[in-house]
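A.B. asks: Input: one structure, supplied below.
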Amino acid sequence: MDSVNEAEESIVQDEAPDSGEVLPSTAQREAIKAASPLEPASLPEPRSAKRRKKSKTSLKKDRATKGVAEKYARGTRSYTMSHIHGKDTAIEVEVRRYLFARGLRFRKNDKRYPGHPDVVLPKWHVIVFVNGCFWHAHEHCAKHTMPKSNVEYWSAKLLRNRERDHEQHAQLAAMGWRVIDVWECELKKNVREERLERLYDEITEEATQLPAD
């Protein structure tokens, strides 16, 4: 601090013309700065612009994630799942591709019949439904597991899906159609070929061939 005092005593003060204040000259300010015991390294470093930008981005992402979680916590997950309806699913395409390769011709998703059947074979008077095990409540199937949230809603919905399937099957049978169900779990890799061959046999061997309508 002695060097600071010496610098202050040796400086010649400038007079501010407007306010009458006496201000240190440039040389005086430099001398005081050089003699100051507070080193620049001891000052806290300002956060870089890059760090500030990253922090804002992270905060924005956290808020968005929190918003999504709150949205689904309010039951939106149940609403979303209830509005997912499969059409031309992978298992449906697999069944159709196999039947076509075996020489069978059919219509798909025919809206003239109850349930809009996945495969309609007029020549054999056979209708095939390719069912997802969850949505159609396949009994005693590992793929039919009840969601952990909103259990009461899902129990009622899936039970209604099963009842509706039975009603549609009865209506089609009354119209003279033979209905075959193929389940998602029956099309796993290790059993798929066997099930598809059996489906072909069910279509062609158990019914009398009829003129196509």
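A.B. asks: Within region 183-193, can one find any residue that is without any contact (Cβ under 8 Å) to a residue 12 or more places away in the chain, buried (at least 17 other Cβ atoms within 10 Å of the Cβ) and of a type in the set (D, E, K, R)?
C.D. replies: Yes, that holds for at least one residue.
A.B. asks: Looking at A64, is it modelled with pLDDT under 85 and either touching a Lys or Arg at 6+ places or on another chain (Cβ under 9 Å) or among the hydrophobic types (A, V, I, L, M, F, W, C) (or both)?
C.D. replies: Criteria met by A64.
A.B. asks: On the given criteria, is E167 under 16 Å from E92 (Cα atoms) and at pLDDT 95 or above?
C.D. replies: So E167 fails the test.
A.B. asks: Need the failing condition index for T76 against (1) more than 20 Å from A170 (Cβ to Cβ); (2) modelled with pLDDT of 85 or more, just the number.
C.D. replies: Of everything listed in (1) more than 20 Å from A170 (Cβ to Cβ); (2) modelled with pLDDT of 85 or more, T76 misses just condition (2).
A.B. asks: Would you check if K56 is under 29 Å from M175 (Cα atoms) and modelled with pLDDT of 55 or more?
C.D. replies: Criteria not met by K56.
A.B. asks: Next up: Scan region 135-146 residue by residue and report those that are crowded, with 18+ Cβ neighbours inside 10 Å and either within 15 Å of L99 (Cβ to Cβ) or without any contact (Cβ under 8 Å) to a residue 24 or more places away in the chain (or both).
C.D. replies: Matches in region 135-146: H144 only.
A.B. asks: Still on this structure: Say we look at region 147-180 and pick out the residues that are touching a strand residue (DSSP E or B) at 6+ places or on another chain (Cβ under 9 Å) and surrounded by 15 or more Cβ atoms within 10 Å (Cβ to Cβ); which of these is farthest from F134 (Cα to Cα)?
C.D. replies: Among them, the one singled out is W177.
The values are calculated or read from the model by the stated rules, or taken from the named source; none is laboratory data. This structure is a prediction, so every number in the text was calculated from the model and none was measured. Virtual Cβ from ideal backbone geometry, glycine too; neighbours counted across all protein chains shown.
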